[in-house]
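The values are calculated or read from the model by the stated rules, or taken from the named source; none is laboratory data. Source: prediction; values computed, not measured. Here Cβ is always computed from backbone atoms with ideal geometry, including for glycine, and neighbour counts include all displayed protein chains.
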Amino acid sequence: MNNEDAPTTLEAMGGIRYLGGLCPVQGEGYTRDGYPWYFRARGDGWSFAVSANQGGDEYKFPNGSIQDRFSRGEDWGDEPFEAGYMPEDTCRHFIFKCLREYQAERKEDESCVDSAYVGCDGHNAQHPSYSFFFQGITL
């Protein structure tokens, strides 16, 4: 997918069911391929995760445990607990960014054509979309 074909809104990347609250700010929705996602901003950071439970209405598995298909997070704010008051437009920005990264990784996983990578299982430190995690770089 080139940038001209890339969705330009959060809703085009899947769907958003809820976003709001304070301490924490929370959001729920689903990806374009039907996996539920959850966003949370609290304390000094935010986190985003896509559940491995495709097609479910909730982020959690039936037994209450959570298994992630994809996750991201960063520190945010200059003051303690500032992330819990994150403005909605900032939350939407981070959610959109994560959904774009998720979609790009799914596209890479489907193709698995570059011989420089040892598989497309998400555990390869040479894979460009995972390199930030292993090197501690914040995107």
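Search region 66-86 for residues that are farther than 25 Å from A52 by Cβ and pair each with any residue that is polar (S, T, N, Q) and part of a helix (DSSP H, G or I) when their beta-carbon atoms are under 9 Å apart and the residues are at least 6 apart or on different chains.
From region 66-86, the pairs are W76/T90.
Would you check if D75 is exposed (fewer than 14 other Cβ atoms within 10 Å of the Cβ) and modelled with pLDDT of 95 or more?
Yes.
Would you mind stating whether Y38 is at pLDDT 90 or above, under 24 Å from A83 (Cβ atoms) and touching a Ser or Thr at 6+ places or on another chain (Cβ under 9 Å)?
So Y38 passes the test.
Return only the number of the condition from (1) at pLDDT below 85; (2) within 22 Å of L10 (Cβ to Cβ); (3) of a type in the set (A, V, I, L, M, F, W, C) that C112 does not satisfy.
(2)
Just for region 28-53: of the residues that are in contact with a Lys or Arg (Cβ under 8 Å, 6 or more places away or on another chain) and touching a residue at least 24 places away in the same chain (Cβ under 8 Å), which one is surrounded by the fewest Cβ atoms within 10 Å (Cβ to Cβ)?
D33
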